[in-house]
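Visitor: Questions regarding the structure given below will be posed in turn.
Throughout, read-outs are computed from the coordinates displayed, never taken from laboratory work. Since we're looking at a predicted model, the values are computed, not measured. Cβ coordinates were reconstructed from backbone atoms using ideal geometry, including for glycine residues, and neighbour counts include every protein chain displayed.
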Amino acid sequence: HGLTTALPTALDRGEFFIEYQPLVHLGDGSVRGAEALVRWLHPQHGVLSPDRFIPLAEHTGLIVPLGRWVLEQSVRQARAWRDANGGDALGPLRINVNLSPCQLTHPGLVQDTVEILERTGVTPDALCLEVTESALIGADDDLLKPLRRLAEMGVDIALDDFGTGYSNLANLRRLPVSVLKLDRSFTQSMQRFPADPVDLKIVEGVVALAHSLDLAVTVEGVETGAQAEQLRILGCDTAQGWYYARPGPPERLHELALADA
Ligand code: G
Ligand code: G
Ligand code: MN
Ligand code: NA
């Protein structure tokens, strides 16, 4: 339909833009960075969410140039936040960028990433690439090699939507990941009070396992202060969700970071 024909030229027409959702340290509430979330400002349909066009972009191959554009814009934005802070006065704001499975198998991934970091003067440790758990299930060495290279350079790799796939937990050891992003469904079960004791045990167990493997735990979909407190007590490190802020323009993120500094 209409989206399919408009998508291939949308990048050249400058119709994509990025919103940023803060990542907050659960211990002290400080803003530590943000996840970049792409949107399409369609001339007829208005703002479209990624669910509407990412699958199409993957299908048509546009995801590779689009993903590269998102990465470059987001890393530039991280540099702009740093400059606006007068260096790293607030501590560096880190940037999380989603990678689609097609980008993982594209041979240019490592070189593109290196070039973007060099061009912008952003250090690899300020970048986290999010890959879904399902993309890495049963991943062979060829698929993991570019992620290993990036991890060796100091880029963080996060396992996104963790808990929704069926990965063998023991498998985590061979993946070059340093962050688990617990899926929203875990956070939702904290909404009920008292929370389901089995869900609490599951989150507690996942956090213990993650920490024993030196992985940080980020929780998604935090909508209330009570959820944040429960997840903090359970040992989660970082949180993201509407309780802190909806995805928004880059200036908003900077204001939030300044406000709690
Ligand atoms: O909050 P939102 O509706 O924007 O996110 C919906 C989904 O789209 C999320 O699962 C997110 O991972 C995905 N997404 C957002 N931006 C990007 C992107 O730049 N690349 C890819 N591959 N996925 C993205
Ligand atoms: O990459 P990922 O699929 O995790 O992208 C995050 C998705 O979750 C986006 O669609 C974003 O808009 C959405 N989201 C972010 N915070 C919240 C929240 O607190 N509650 C709910 N229901 N969705 C959220
Ligand atoms: Mn994500
Ligand atoms: Na996610």
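Visitor: Which angle between 0 and 90 degrees, to the nearest 10, do you get for helix 250-259 versus the longest principal axis of the chain when only C-alpha atoms count?
Guide: The two axes meet at around 30 degrees.
Visitor: Here's another thing I want to ask about it. Projected area of the chain, taken from the Cα convex hull and averaged over every viewing direction, in nm²? Please report the intermediate quantities before stating the final value.
Guide: On the way: hull surface 56.6 nm².
Result: a mean projected hull area of 14.2 nm².
Visitor: Run lengths n ≥ 4 of DSSP H only: what is the helix-derived mean residue ellipticity at 222 nm for the chain, with -39500 (n - 2.57) per run over all residues, to the nearest 500?
Guide: -13500 deg cm²/dmol
Visitor: Now for a separate question. Mind checking the range 155-189 for chymotrypsin sites (Phe, Trp or Tyr not before Pro) that DSSP puts in a loop (not H, G, I, E or B) and that have at most 11 other Cβ atoms within 10 Å?
Guide: Numbers: sites: F162, Y166, F186; in loops: Y166.
In loop regions of the range 155-189 (DSSP not H, G, I, E or B), the sparsely surrounded chymotrypsin sites (Phe, Trp or Tyr not before Pro) are Y166.
Visitor: Sticking with this structure for a sec: For the range 189-243, just run the numbers: alpha carbon Rg, then divide by 2.2 N^0.38 Å, N being how many residues it has.
Guide: 1.07
Visitor: From the gyration tensor of the Cα coordinates in the range 121-232, what semi-axes in whole Å does the equivalent ellipsoid have, largest first, with each one equal to sqrt(5λ)?
Guide: 27, 16, 11
Visitor: Mind checking the angle between helix 63-84 and the chain's longest principal axis? C-alpha axes, 0 to 90 degrees, to the nearest 10.
Guide: Its long axis makes an angle of about 70 degrees.
Visitor: Extending each Cα 7 Å along its Cβ direction at D214 and D199, get the distance between those two points in nm, one decimal.
Guide: Using points 7 Å along Cα→Cβ, the separation is 3.3 nm.
Visitor: Here's a follow-up. Pop a pseudo-label 7 angstrom from the Cα along the beta-carbon direction at both D125 and Q188 and give the gap in nm to one decimal.
Guide: Going from the D125 label point to the Q188 one covers 3.7 nm.
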